[in-house]
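The values are calculated or read from the model by the stated rules, or taken from the named source; none is laboratory data. All of these numbers come straight from a predicted model, not from anything done at the bench. Glycine gets a Cβ as well: all are built from the backbone with ideal geometry, and neighbour counts include every protein chain shown. Protein only, heavy atoms only, side chains kept; ligands, DNA and RNA dropped before computing areas. Shrake-Rupley method; radii C 1.70, N 1.55, O 1.52, S 1.80 Å.
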Amino acid sequence: FDIRSITWADYDNDGDLDIGNARTSDVILNWVENFIGSPFRIHGQAFLDNDGSGSYTTNDAAPPFLPILTTPVASMSLTTMNGNYTIHADTGAYSVFPVLPSGLWGSGPVAQSVQLTNNTPESFGNDFAITSLVDTVIVVPTLVMAEAPCGDTTTLWVSIANQGTLAAQGSIYLLLDSQLVLVSSDPPPASISGDTLTWPYDSLNCFGIRTITLLIQLPGVGQIGDTLRTIVSLTCEDSLGMVFDTDVGELTRVHSCAYDPNDKQVVPTGQGL
């Protein structure tokens, strides 16, 4: 159903604003309770169980930004950089579970059972040991470029994400379109050969992301309509530096940008001023 309108009001009279919506197919108002500030909370940690102990140790890593949900639905939580999470809820019985990124992963336990009451408003230690079901390296590159006026500088972000279950290492290669001019890069490339920039990467852990930020000068007004094509490729290498996998990402866009609206030209040019 389509949502006709969204409103904010204290629908349950508990002192905070909830979100409501009306649908075009009927006049029923649906609302989602706001649990932020509630004294009833569920706490825990998700961790990559590298040593197979089933409990967190210093050898384990943390999966950041992993969604943790409940049934029935309360609030959704994302794990922190340390894997910790807090879910704001209400009194009642809940099943708490992580949303794993793919079938490459498993969780022990699959879900935690939690009971929140007025006498026990908070529940701690609802941890999840995340384990890999398949050993694999999957590193995916992406390119994102911001908009800017013709001939001005803009930002190009080159990111790689480890979507596999093993740590990865290798090299990143960026082939800029010939009409794009590199102004600066953070971090700077290890080497530049023609239009190709190269960065090595190592110790990219599971769920890890690395981002390179480049300042790029765009073409001018005369190149409006031209196709700009930038390609990023990466290699995955073993401990001996042998390449065993590659992946490629591409950003293709037609050059279109703002310029002086008072610059008016006609064909044929005519006579006079």
Self-check item: Output for segment 245-260, where each listed residue is in contact (Cβ under 8 Å) with a residue 60 or more places away in the chain and farther than 18 Å from residue 149 by Cα
Solution: 245, 247, 248, 249, 250, 251
Quiz item: What number of residues within segment 57-86 are part of a loop (DSSP other than H, G, I, E, B), open to solvent by 50 Å² or more (accessible area, probe 1.4 Å) and modelled with pLDDT of 90 or more?
Solution: 5
Quiz item: Are there any pairs, at least 6 apart or on different chains, whose C-beta atoms fall under 8 Å, with the first in segment 70-89 and under 13 Å from residue 114 (Cα atoms) and the second open to solvent by 80 Å² or more (accessible area, probe 1.4 Å) and of a type outside the set (A, V, I, L, M), and if so, which?
Solution: none
Quiz prompt | residue 136 vs. criteria open to solvent by 30 Å² or more (accessible area, probe 1.4 Å) and among the polar types (S, T, N, Q) | solution = yes
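Could you say which residue among 220, 241, 249 is open to solvent by less than 50 Å² (accessible area, probe 1.4 Å), over 21 Å from residue 156 (Cβ atoms) and small (Gly, Ala, Ser)?
None of the other options fit; the residue is 241.
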Quiz item: When you look at residue 233, is it in contact (Cβ under 8 Å) with a residue 40 or more places away in the chain, in contact with a strand residue (DSSP E or B) (Cβ under 9 Å, 6 or more places away or on another chain) and closer than 21 Å to residue 251 by Cα, yes or no?
Solution: yes
Quiz item: Which numbered condition trips up residue 110, out of (1) free of Cβ contacts under 8 Å to residues at least 24 places away in the same chain; (2) out of contact with any strand residue (DSSP E or B) (no Cβ under 9 Å at 6 or more places or on another chain)?
Solution: (2)
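If you take the residues of segment 139-164 that are β-branched (Val, Ile, Thr) and either over 19 Å from the mean Cα position of the chain (by Cα) or at pLDDT below 95 (or both), which of them is least open to solvent (accessible area, probe 1.4 Å)?
The residue in question is 154.
Condition first: under 17 Å from residue 145 (Cα atoms) and out of contact with any Gly (no Cβ under 9 Å at 6 or more places or on another chain). Now tell me which residues in segment 197-224 satisfy that.
Across segment 197-224, the qualifying residues are 197, 210, 211, 212, 213, 214, 215, 216, 224.
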Self-check item: Candidate set from segment 168-177 (those that are open to solvent by 60 Å² or more (accessible area, probe 1.4 Å) and not polar (S, T, N, Q)); member that is farthest from the chain's Cα centre (by Cα)
Solution: 175
Practice problem: Answer yes or no: is there a residue in segment 178-185 that is under 19 Å from the mean Cα position of the chain (by Cα) and touching a residue at least 60 places away in the same chain (Cβ under 8 Å). | Solution: no
Quiz prompt | Pair list, Cβ under 6 Å, 6 or more apart: segment 193-205 residue open to solvent by 80 Å² or more (accessible area, probe 1.4 Å), other residue of a type in the set (A, V, I, L, M) and at pLDDT below 90 | solution = 205/61
